[in-house]
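Here the structure comes first, spelled out in C-alpha cells, and everything after it is commentary.
The numbers here are math on the coordinates, done by the rules we state, and not lab data. The shown structure was predicted, so the numbers you read here are calculated from the model rather than taken from an experiment. Here Cβ is always computed from backbone atoms with ideal geometry, including for glycine, and neighbour counts include all displayed protein chains.
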Amino acid sequence: MNDQHHLFKPHPWHGISIGRRAPESVTCYIEIVPVDTVKYEVDKESGYLRIDRPQRYSNVCPAPYGFMPRTYCGPRVAARSSERIEKHALPGDGDPLDICVFTERDLAHGDVLATAVPIGGLRLVDGDVIDDKIIGVLEGDGAYGAWREIADCPAPLIERLRHYFLTYKSDPDSPDRHERFIAEVYGREEAHEMIRRSLEDYRERFPEIAGIFDEWDASS
C-alpha cells in the first residue's frame with residue numbers, strides 16, 4: 001500500500017471503503033446519535049464534522065445516523081426511486097446514501113465508523129429530490145443483530161424514523177415550503193439494490209477518486 005495513505009486522516013466519504021461484503025454488510029460513518037441536540041453533518045470539503053444547525057425543538061434522531069462511504073445519490077438511485085413511486089424526473093440529492101443503524105447500545109458521540117447489516121429502507125422524497133434512508137442493524141448487536149429483514153423490526157421503531165424524517169426540518173412557526181413524504185418502506189433486497197446503484201453512481205461521479213482507492217484497496 002502507498003505509504004502516503006497513512007499520512008493523513010482519510011475523508012469519511014471518499015477515503016474509507018464501504019467494505020468487501022457490501023451490500024450485505026456495510027461500513028458506515030455515523031454523524032449523529034440520539035443524544036445530540038444539534039444536527040451534525042460532514043463537511044464535504046474537509047471531511048470534518050460541522051454543526052449544520054441546532055435542533056430547536058424536541059425532535060431528535062431515534063437511531064445513530066450517517067452515511068455509507070463511496071456512495072452517491074445520483075441518476076441510477078433517482079431513476080429507481082422515481083420508477084417505484086411513479087413520479088418521474090426527480091433527481092437524487094447529490095449526497096452519499098444515508099443509513100440509520102439500530103443498536104441496543106448507547107453511542108456517546110458520532111464521528112465513528114460502524115459495520116451495519118442493511119435490512120430495508122425509507123423512500124423519502126424531500127421537496128423535489130430523492131433522499132432515501134437505508135435502515136440497518138449494528139453487526140453483532142445483542143438485541144437487533146439477528147434481524148435480516150424489515151419485517152423483523154417492530155412497527156413503532158419504523159414509525160419513529162418516519163416521524164423524524166418528516167419533521168426534522170419543520171418549523172412550527174412557519175409553513176413548510178417543501179413537500180416531504182415517505183412513498184415506500186422497503187425490504188432488504190430493495191435496500192441492496194439502492195446501495196449497488198449508489199456505488200455505481202459514485203464511480204461515475206468521482207472516477208478519479210474511485211480509481212485511486214481501488215488500487216489501495218487491492219493492495220491492502
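So which residue, out of Leu161, Leu138, Leu199, gets the largest mean-square fluctuation from a GNM of the chain using Cα contacts under 10 Å as springs? Evaluated over the chain, the most mobile residue of the options is Leu161. The DSSP beta bridges internal to the chain are antiparallel in roughly 85% of cases. Nearest 10 degrees is fine. How inclined is helix 188-205 to the longest principal axis of the chain, computing both from alpha carbons? Long axis of 188-205 versus the principal axis of the chain: about 60 degrees. Which angle from 0 to 90°, rounded to the nearest 10, does the C-alpha axis of helix 75-85 make with the longest principal axis of the chain? The angle comes out at about 30 degrees. The lysine pair count for the range 3-214, using Cα distances under 23 Å and pairs eight or more places apart or on different chains, is 9. In this rough spin-label picture, where each label sits 7 Å from Cα along the Cβ direction, the Tyr57-Ile212 distance is 4.2 nm. Projecting label points 7 angstrom from Cα along Cα→Cβ for Lys87 and Arg105 puts them 3.8 nm apart. In this structure, the amide hydrogen of Ile130, modeled 1.01 Å from its nitrogen in the peptide plane, lies closer than 5 angstrom to those of Gly92, Asp93, counting only residues at least 5 positions away or on a different chain.
Considered as an equivalent ellipsoid built on the Cα gyration tensor, the chain has semi-axes of 26, 20, 19 Å, the largest given first. Given +1 at the Cβ of Lys and Arg, -1 at the Cβ of Asp and Glu and no other charges, the dipole of the range 96-159 around its Cα centre is 180 debye to the nearest 20.
Taking the Cα centre of the chain as reference, the dipole from Cβ charges on Lys and Arg (+1) and Asp and Glu (-1) amounts to some 140 debye. Sites counted here are GluC sites (Glu not before Pro) in a DSSP loop (not H, G, I, E or B) having no more than 12 other Cβ atoms within 10 Å; the longest part of the chain that contains none of them is 105-148. Springs join every pair of Cα atoms under 10 Å in this Gaussian network model of the chain, and among Val42, Val117, Val101 the largest mean-square fluctuation is at Val42. Among Cys73, Cys153, Cys61, the order by Cβ neighbours within 10 angstrom, fewest to most, reads Cys153, Cys61, Cys73. Each Cα pair under 8 Å and six or more residues apart adds its sequence gap; the mean of these over the residue count of the chain is a relative contact order of 23 percent. Take the chain and mark each of the trypsin sites (Lys or Arg not before Pro) that is in a DSSP loop with at most 16 other Cβ atoms within 10 Å; the longest unmarked stretch, sites excluded, is 178-220.
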